[in-house]
Amino acid sequence: MVDPFGRTVTYLRLSVTDRCDLRCTYCMPERMTFLPKEDLLSFEELDEIATAFITRGVTKLRITGGEPLVRKDIFQLINSLSRHLKSGALDEMTLTTNATQLARHAQALWDAGIRRINVSIDSLNPETFARVTRGGDLSKVLSGIRAAQAVGLKIKLNCVALKHENASEVSDMMRWAHHRGIDMTLIEAMPMGDSGEDRFDQYVALAQIRADLEKQLSLSPSPHKTGGPAHYYDVAQTGGRLGFITPMSHKFCASCNRVRLTCTGKLFMCLGQDDESDLRAVIRGERDVTLNEAIDAAIGRKPEAHDFKIDAPGQAPSVSRHMSVTGG
Ligand code: SAM
Ligand code: SF4
């Protein structure tokens, strides 16, 4: 699958639910309206669409959401999709999670062939964590991380940089992670959906964070690449790696290799644009095209770049849907 800008699409992010047990202040409002359950794709439908992508060249699949581990019986889907790992069609299946339920699912993830997961955590201070997640319990997340490491899962920690909440904590979090053999990646807050907070007050450019870190640490550009948008730096003092994902301050769209399927079967070709293709309608026989034709047509419309902006207080989000809908 090659898009009009010559980029080969090899990576599918599959959002299995828009629901979540946390309410991170940069992601969604406290009183979030979730999609009606009857709008969700069944596991068979999610599998059918993911399999079509894998047959057409996707080699990496990420299960995400919302919080993927809150969807009931999610291992029915994960275990079924793992056949593509066994056949060699998929190089990798991964998961992004807030880790609140990870302790009881870590072994099942490993057994399904998952070897690496991303855990999102924005503070190691229980009070800050509870404030940023609007009520989350840090101890559950930490025991999830311990359980995942105990079964052998490799973890990358994702942290959204927030001007007033964690900007000054980044160095301590990184040391904590590196000490445990965990790489860490910082992400700039993006203007996606109303979160009940002004992202102008939250957003901090990662160049600023890096400059602050460089006052006390030696960061050197790392040759490490994951095929994703992060730029990595080796940290001399810890021996670990720190990634920077800068959708706001430096676009990385020229190397974009991914598309995203929502839990209702909408395919988004760009995180930061509204164009989508309703693949649920296709597999339910409501459109006069085959699934492969619909996928090809959608890839043929993949936009060149996103247009995110956070440059004034009180701005409306650049796209109205939340990251939890599109699949982070
Ligand atoms: N619930 C899971 C989690 O938090 O890891 C998976 C879904 S979450 C939407 C995926 C990632 O998106 C998380 O790392 C989260 O921090 C990030 N995210 C959510 N909203 C964001 C926003 N507006 N800007 C930047 N990152 C965001
Ligand atoms: Fe939930 Fe993840 Fe959004 Fe936080 S970032 S509210 S954990 S979906």
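Just a yes or no: is a residue in segment 274-288 open to solvent by 70 Å² or more (accessible area, probe 1.4 Å) and touching a strand residue (DSSP E or B) at 6+ places or on another chain (Cβ under 7 Å)? Among the residues of segment 274-288, at least one is open to solvent by 70 Å² or more (accessible area, probe 1.4 Å) and touching a strand residue (DSSP E or B) at 6+ places or on another chain (Cβ under 7 Å), which makes the answer yes. Within segment 64-81, can one find any residue that is under 25 Å from D296 (Cβ atoms), crowded, with 21+ Cβ neighbours inside 10 Å and within 16 Å of ligand 1 (Cβ to nearest atom)? So far as segment 64-81 goes, yes, one or more of its residues are under 25 Å from D296 (Cβ atoms), crowded, with 21+ Cβ neighbours inside 10 Å and within 16 Å of ligand 1 (Cβ to nearest atom). Can I209 be described as over 15 Å from the mean Cα position of the chain (by Cα), farther than 22 Å from A316 by Cβ and of a type in the set (A, V, I, L, M, F, W, C)? Here the answer is yes, as I209 does meet what is asked. Can you find, within segment 42-63, the residue that is farthest from T326 (Cα to Cα) among those that are open to solvent by 40 Å² or more (accessible area, probe 1.4 Å) and of a type outside the set (S, T, Y)? That would be R56. Within segment 289-313, restricting attention to residues that are of a type in the set (V, I, T) and outside any loop (DSSP other than H, G, I, E, B), the residue that is surrounded by the fewest Cβ atoms within 10 Å (Cβ to Cβ) is I299. State whether one or more residues within segment 97-106 are over 30 Å from R31 (Cβ atoms) and without any contact (Cβ under 8 Å) to a residue 12 or more places away in the chain. No - not one qualifying residue is present in segment 97-106.
Answer with yes or no whether L261 is modelled with pLDDT under 95 and touching a helix residue (DSSP H, G or I) at 6+ places or on another chain (Cβ under 8 Å). Spelling it out, it is not the case that L261 is modelled with pLDDT under 95 and touching a helix residue (DSSP H, G or I) at 6+ places or on another chain (Cβ under 8 Å).
Against the conditions (1) among the aliphatic types (A, V, I, L, M); (2) within 16 Å of ligand 1 (Cβ to nearest atom); (3) more than 16 Å from M190 (Cβ to Cβ); (4) surrounded by fewer than 20 Cβ atoms within 10 Å (Cβ to Cβ), A316 satisfies every one except (3).
The values are calculated or read from the model by the stated rules, or taken from the named source; none is laboratory data. Every value quoted in this text rests on a predicted model; they were computed, and no experiment measured them. Here the Cβ is made from the backbone with ideal geometry for all residues, glycine too, and neighbour counts use every protein chain on show. Side chains are part of the model used for accessible areas, which takes the heavy atoms of the whole protein and leaves out ligands, DNA and RNA. Shrake-Rupley method; radii C 1.70, N 1.55, O 1.52, S 1.80 Å.
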